[in-house]
Structure formats: structure tokens, C-alpha cells
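The values are calculated or read from the model by the stated rules, or taken from the named source; none is laboratory data. None of these values were measured; they are calculated from a predicted model. Cβ: placed from backbone, ideal geometry, glycine included. Neighbour counts: every protein chain shown. Ligands, DNA and RNA are stripped out before the accessible areas are found, and what is left, the full protein with its side chains, is counted by its heavy atoms. Shrake-Rupley method; radii C 1.70, N 1.55, O 1.52, S 1.80 Å.
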Amino acid sequence: MKLCFYLATKNKNKLKEIKNIMGDEIKVLLPPDFIEFPEEKGKTLKENAYLKAEYLSRYIKDYYIVGEDSGLFVEKLNGLPGINSAHFSGKRDDKGNIKKLLEEMKNYKKKEDRKARFITVACLIGKGEKRFFKGEVKGYITFSPRGKNGFGYDPIFEIPKIGKTFAELSLEEKNKISHRSKAFLKLKEYLIKRSF
Ligand code: IMP
């Protein structure tokens, strides 16, 4: 049987990115429609990634299950929004979150004061496994949103060498450098090696 795993998310953007990273080698399966994931209660990305996978494992047996949690960590804000990236403005709202973050950063006028990193942790469970894979990418918070692609904070996260935000990149271009692709390429390599 082809290698596969269930991805513990309802986020269509993450799903699209992860499917593209896995390519033809690994099939990404969706949770059944009736499943509603509870809001994450963990204190770290690692804990939340595990909690998502563990929740789905109550319904899906005998398959690998992968949970993932990501966040944006801004240096001058002591790592905020971090674990709370999805609800930074008080609710799950990308535009509101961006507005709030730009507001919090308004007194930091120099580029070097706007350093940030995106981090993803993926947790693989099932078939007696429990493993974590981490990916990280460094960048800067822009002064205003740029670009139409992607999701979340993509329009205000600029990649230093390219000078473009994630939202100005195609999905394939983002997947060459992103935090999520770094974590999921490690997971992919692990699963492929494991299958031999
Ligand atoms: P969660 O991992 O579903 O808890 O969500 C984390 C939040 O971080 C998302 O709602 C986005 O706002 C943000 N985020 C995570 N990954 C990305 C990304 O690749 N680009 C932009 N924002 C992201």
C-alpha cells in the first residue's frame, strides 16, 4: 500500500501546502467531516501538535496520524504572538491579527528591530510511533501587508534574501523555504526510510 497519513487539521491552506510537500510519494488523508478539533490548550507548539494528533487518533486506528502547530515569534515582542498566533487579535481572524501585530510594531521603525521567525512542529503518532519534526524560517515583519497568496501572517513576513513576503510567493516557492516545508520534509524522509 502507498505510504499515507491522516493530517489532523481542517485548515485548507495548510493542507494544500503539505500535500504539495508530500508530492506523489506520500498520500495525505483528511479527517472525516464530522470531526471538529477543539481549540488548542497546550503551552508549546510541540504540545499542541501532539494534542491535535492525539485527538484524531481517538477516531482513526491503524494509520499514521500527523498533527502540526505553527506560530510567528517576533523578537521585540518577546516571542509574541507565538503560541497564540491564530487568536492574537482576540479571535481567529487573519486580517485582525495582522492589524494588531502591525500596531504593536509601530514604534519599531528600523528593519533590524522587526526580526521574527516562523516555527512549525509536526507530531507523528500511530503504529507505535511518537516523533516530532521542527522547521524554522527567519524573516522580518514588514511595515504594511504585501501580496495576495498564502494565509495568516504571510503578507507581513518578508524573507531576507528574496525581499518578498510569503504572500508574494507562489505555493511552490513558499514550499522551498518555509518553516512548514522544513518540518514536513524531515517527516517525509523519516517515513520513506521507515518503509524500507
Ligand atoms: P495553528 O497552527 O492552526 O494554531 O495556527 C497558527 C496561526 O499561525 C495561523 O492561524 C496563522 O495565523 C499563523 N500561521 C501559521 N503558519 C503560517 C504560515 O505559514 N503563514 C502565515 N501564517 C501562519
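Using the crude model of +1 on Lys and Arg Cβ and -1 on Asp and Glu Cβ, and no other charge, please compute the dipole size for the stretch 3-195 relative to its Cα centre, in debye to 20. Intermediate results must be reported in sequence, preceding the final value.
Values: 42 positive and 27 negative charges, 81 e Å.
Dipole about the Cα centre, nearest 20: 380 debye.
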The FRET efficiency for N20 and N107, from their Cβ-Cβ distance with R0 = 30 Å and rounded to 0.05, is 0.20
Ordered by number, the GluC sites (Glu not before Pro) in the stretch 1-48 that occupy a DSSP loop and have at most 15 other Cβ atoms within 10 Å are E25, E36, E39
Note: probe point = Cα of K138 + 7 Å toward Cβ; backbone nitrogen < 18 Å; residues of the stretch 164-194 passing the test are 164-166, 177-180, 182-183
Cα-Cα pairs in the stretch 3-195 separated by more than 23 Å, as a whole percent of all pairs, come to 42 percent
Whole-Å distance linking the alpha carbon centroid of the stretch 111-155 with that of the stretch 21-58 is 17 Å
note: the stretch 26-131, Cα-Cα separations exceeding 17 Å make up a percent value of 59 percent
Distance in nm between K76 and F196 label points, each 7 Å along Cα→Cβ, equals 4.8 nm
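With an 8 Å cut-off on Cα pairs and a minimum separation of 6 or more residues, tell me the relative contact order of the stretch 3-195 in percent. Present the calculation step by step, with values, prior to reporting the outcome.
On the way: 375 pairs, mean separation 39.0, N = 193.
So the answer I get is 20 percent.
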The chain accessible area per residue, 1.4 Å probe, protein heavy atoms, integer Å², reads 55 Å²
Heavy-atom accessible area of the chain with neighbours in place, 1.4 angstrom probe: carbon+sulfur share in percent works out to 51 percent
In Å³ per residue, the alpha-carbon convex hull of the stretch 110-159 encloses 83 Å³
Restricting to aspartates and glutamates and to Cα separations under 20 Å from K176, and discarding same-chain partners fewer than 8 apart, the set is E17, D24, E25, E68, D69, E136, D154, E158, E168, E189
CD proxy, 222 nm, the chain: helix-only mean residue ellipticity via -39,500 (n - 2.57) per DSSP H run with n ≥ 4, per residue, nearest 500, stands at -9000 deg cm²/dmol
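Would you mind checking K111/K193; K41/K110; K43/K182; K46/K193; K106/K164; K2/K115 for any pair whose Cα atoms are more than 32 angstrom apart?
Details: K111/K193 42 Å; K41/K110 35 Å; K43/K182 22 Å; K46/K193 23 Å; K106/K164 20 Å; K2/K115 41 Å.
In this structure, K111/K193; K41/K110; K2/K115 lie more than 32 Å apart at Cα.
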